[in-house]
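The values are calculated or read from the model by the stated rules, or taken from the named source; none is laboratory data. Nothing here was measured: the structure is a model prediction, and the numbers come from that model. When we count neighbours, we look across all protein chains shown, and the Cβ atoms used for this are built from the backbone with ideal geometry, even at glycine.
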């Protein structure tokens with residue numbers, strides 16, 4: 001009798017528990033761990049003042065991700081993040097700069113939602129379009145919501161709090177999003193970002209073309225340190241109320257198996273301030289050729305143009321505003337907020353600039369990849385007598401001449417795949433200021449990093 005009762009109890013338990021487990025079809029746990037050491041010097045480009053412009057630091061970034069498929073059409077993603085410089089324990093649990101953990105991703109995806117081609121994703125998620133000229137990083141590639149890091153440009157925090165819908169009418173995809181950058185609790189004072197991207201897969205030569213519009217609205221509240229949104233359009237720190245619209249087209253094609261070519265053109269319009277319109281543009285071209293020989297050598301050419309504003313201009317604001325870009329044009333230049341001045345007003349990175357990049361890579365050993373890049377920077381509009389914005393205590397605070405040659409940068413990287421999941425990497429970057437800088441602000445800046453990353 002006791003055995004029968006025990007059997008019935010176990011059968012009832014299995015009957016009750018099994019449906020709960022059946023609600024989750026699949027669970028995947030993954031993540032990565034990256035630890036590196038860095039050293040940089042002369043990031044103020046000058047020997048003037050105290051000799052305290054060199055830095056060294058250790059940093060560890062940890063991410064753990066859980067993906068769960070609840071049904072064939074319903075899935076969730078959660079990723080936890082900690083990024084901190086070593087022995088940084090004093091910033092409080094509200095910041096990931098110590099041993100605290102932040103929610104990096106937290107989203108729900110609904111496939112075939114109400115309509116079979118529609119996929120809806122709600123929550124914190126990454127948004128990236130094309131080469132991320134306009135949208136890719138919520139706080140720009142050279143900045144981070146975690147202000148306690150020595151090298152904020154290495155932050156991996158990219159995600160937006162957003163609603164995203166994707167309509168897949170193969171070969172046409174219509175991708176729309178609405179992101180909340182700063183929630184104040186008052187509709188008329190929030191900061192929002194939205195966009196529509198229409199992509200067409202041509203069907204031959206791996207070619208595709210796309211057209212898009214991105215809207216940005218800042219209705220008048222100053223950003224706070226606790227806000228995840230760190231986008232700072234160039235209003236000199238005092239103007240609010242921007243309503244900007246970016247219209248763009250892009251495309252890429254592979255004429256041969258070895259050659260890839262792409263380009264993008266974008267225009268910005270709208271209200272820079274209540275009294276000034278925005279009228280700016282950007283253009284990018286990239287090409288890469290890989291030789292089908294030993295060592296797999298490859299060469300690339302890239303060009304970027306970001307419009308700038310003439311000193312003293314009182315008409316339309318003409319400096320390109322990078323919004324949520326996620327591009328790196330030089331390791332040091334990215335940190336330095338290159339072209340930080342245009343028309344005498346503090347600027348963000350990637351504006352008022354011509355950039356030419358020549359690069360090469362090869363694989364001398366089976367698991368070793370080596371790259372070399374040269375970047376040339378030239379101002380679109382000179383910045384005579386204008387002070388640079390700088391992004392930290394050791395960054396540039398010099399003044400400019402009436403010359404437009406901004407500088408040259410040389411970057412060298414090496415990546416060794418120790419195992420399938422473990423990689424060792426190192427990088428050396430050298431930036432030499434050009435004649436656009438005053439003579440006492442032309443010291444060469446250097447940065448050296450090395451680390452190990454593990455993916456699981």
* Would you mind stating whether residue 139 is touching a strand residue (DSSP E or B) at 6+ places or on another chain (Cβ under 9 Å), modelled with pLDDT under 95 and either within 24 Å of residue 246 (Cα to Cα) or part of a helix (DSSP H, G or I) (or both)? => yes
* **Cβ pairs under 6 Å, 6+ apart, first in the range 267-292 and farther than 21 Å from residue 325 by Cα, second at pLDDT 95 or above and in a loop (DSSP other than H, G, I, E, B)** => 289/258; 290/258; 291/297
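Hand me the list of strands (runs of 3 or more DSSP E) wholly inside the range 379-456 holding 2 or more residues that are modelled with pLDDT under 90 and surrounded by fewer than 15 Cβ atoms within 10 Å (Cβ to Cβ).
Output list is empty.
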* To do: Report yes if some residue within the range 39-53 is touching a helix residue (DSSP H, G or I) at 6+ places or on another chain (Cβ under 9 Å), within 30 Å of residue 454 (Cβ to Cβ) and modelled with pLDDT under 95; otherwise report no.
  => yes
* To do: Might you check whether a residue that is surrounded by fewer than 16 Cβ atoms within 10 Å (Cβ to Cβ), modelled with pLDDT of 90 or more and within 14 Å of residue 148 (Cα to Cα) occurs anywhere in the range 104-125?
  => no
* Asked: Conditions: (1) surrounded by 15 or more Cβ atoms within 10 Å (Cβ to Cβ); (2) out of contact with any strand residue (DSSP E or B) (no Cβ under 9 Å at 6 or more places or on another chain). Residue 192 meets all but one. Number of the miss?
  -> (2)
